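Below is one structure; the comments refer to it alone.
The values are calculated or read from the model by the stated rules, or taken from the named source; none is laboratory data. Small disclaimer: the values here were computed from a predicted structure and weren't measured. Using ideal geometry, Cβ is built from the backbone for each residue, glycine included, and neighbour counts are taken over all protein chains shown. Remember, those area values only see protein heavy atoms, side chains included, never the ligands or the DNA or RNA. Shrake-Rupley method; radii C 1.70, N 1.55, O 1.52, S 1.80 Å.
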Amino acid sequence: MFERARLVGLAALAMGCGGTATTLPGRDLDAPARMVVTERWRSGGRLIIVDETGDRLAPLLVPGDDAAGAPAVDEHPAFSPDGRWIVFASTRARDDRRRSLWVAPARPDATPRRITSGAASDIDPTWAPGGDAIVFASDRDGASIDLYRLPMRDDAPAGAIERLTDAATHELAPSLAAGRLVLQVVDPASGASWIAERTHSGALEALTDGPSDGAPALAPDGALLAFTSARLRVDGERDLDVRVVDADTGLVVVQVHVDVGDAMGANLVDTVAEGLAGPVQELIGGRIGLRILTNLTLRRRVRVRARVSAQDLGERGEELAAGIARASR
């Protein structure tokens with residue numbers, strides 16, 4: 001059972017989407033994709049085109065299998081700057097769940113093209129702002145994970161792979177903008193992670209102190225950086241969301257999901273909101289506004305299964321059934 005507290009103030013942005021429903025009727029599936037997410041299940045994962053509301057539109061790719069014939073895991077999608085192509089990591093045709101990089105047109109049921117080969121596992125691809133290269137993480141030169149750059153021309157490699165980092169740590173999740181390259185650094189001994197920037201000399205300059213920072217994302221102008229962090233977690237917390245409300249004024253909402261067990265949890269959630277206000281303000285500056293419990297508890301729910309024939313719903317049964325399916329996602 002989850003309750004949710006809301007803090008309104010200043011913070012960085014992180015966002016995630018997902019869906020499991022069937023393809024929606026009445027949508028222009030020939031239009032280029034604008035948002036793609038990974039739909040995961042126990043034995044596989046595929047890329048799904050969704051709209052701005054999170055509704056599932058269609059699978060991005062034709063299905064694929066790994067070397068053992070099991071459904072492949074397709075993940076880490078990234079659009080090219082012109083929106084024509086999507087690069088992603090996949091276990092297609094690979095053993096031991098290792099990944100290669102693939103590129104596909106940004107349209108439904110696309111046939112992807114493999115762009116990296118060899119025994120290495122290649123992950124976390126992202127396009128350079130000019131669309132002329134892909135930067136990714138890989139263990140292709142040893143036990144550690146480093147960053148590499150692959151020149152591209154549209155959906156095809158256009159040169160040799162260049163190594164960008166060579167440190168005792170793991171370097172992951174690159175983000176590029178305005179001449180900057182930021183990344184997640186992981187200490188293989190302790191597991192601690194922080195955000196760093198690769199300087200023009202090739203050195204790694206720490207931007208955060210960790211110990212659990214990841215998934216960096218630069219703003220297009222390179223002036224702002226968003227990343228995930230566990231530094232705000234307290235006992236009882238199960239999740240934390242941050243979303244921008246007004247980018248011009250910097251107003252955002254921090255939502256803390258708290259597992260309150262069988263209790264109503266209002267007092268507990270209010271205490272969490274009040275307790276986090278100080279650390280949030282100290283961490284990011286600005287002014288904290290509301291510190292309240294919200295009744296929009298989307299994760300506090302009971303699941304019920306039922307089966308009703310569309311014919312039993314009357315003359316517009318098919319239409320009504322489709323509407324119920326959309327509303328239940």
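Key figures
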{"item": "Under 5 Å, built H, 5+ apart or other chain: amide partners of Ala93", "result": "Asp65, Asp66, Ala67"}
{"item": "Nonlocal amide H pairs with Arg113, under 5 Å, H built at 1.01 Å", "result": "Val103, Ala104"}
{"item": "Full-stretch length increase - Ala93, Asp65 - with 0.36 nm per residue and alpha-carbon distance subtracted", "result": "9.5 nm"}
{"item": "Extension reserve of the Ala178-Ala156 stretch, reckoned as 0.36 nm per residue once the Cα distance is removed", "result": "5.5 nm"}
{"item": "Calculated FRET efficiency for the pair Ser201/Ser309, C-beta based, R₀ 51 Å, to 0.05", "result": "0.15"}
{"item": "Stretchable slack from Ser43 to Ala266, in nm (0.36 nm times residue separation minus alpha-carbon distance)", "result": "76.4 nm"}
{"item": "Computed label-point distance, nm, for sites Asp187 and Asp109 using a 7 Å Cα→Cβ extension", "result": "5.2"}
{"item": "Exposure ranking of His76, His170, His257 by accessible area [1.4 Å probe, largest first]", "result": "His76, His170, His257"}
{"item": "Label point distance in nm, Leu320-Thr294, each placed 7 Å from Cα along Cα→Cβ", "result": "3.3"}
{"item": "Distance between segment 58-131 and segment 190-221 - C-alpha centres, whole angstrom", "result": "25"}
{"item": "³J(HN,Hα), Karplus 6.51/-1.76/1.60, whole Hz, each residue of segment 215-228, x for Gly, Pro", "result": "6, x, 8, 7, 5, x, 8, x, 7, 10, 10, 10, 7, 8"}
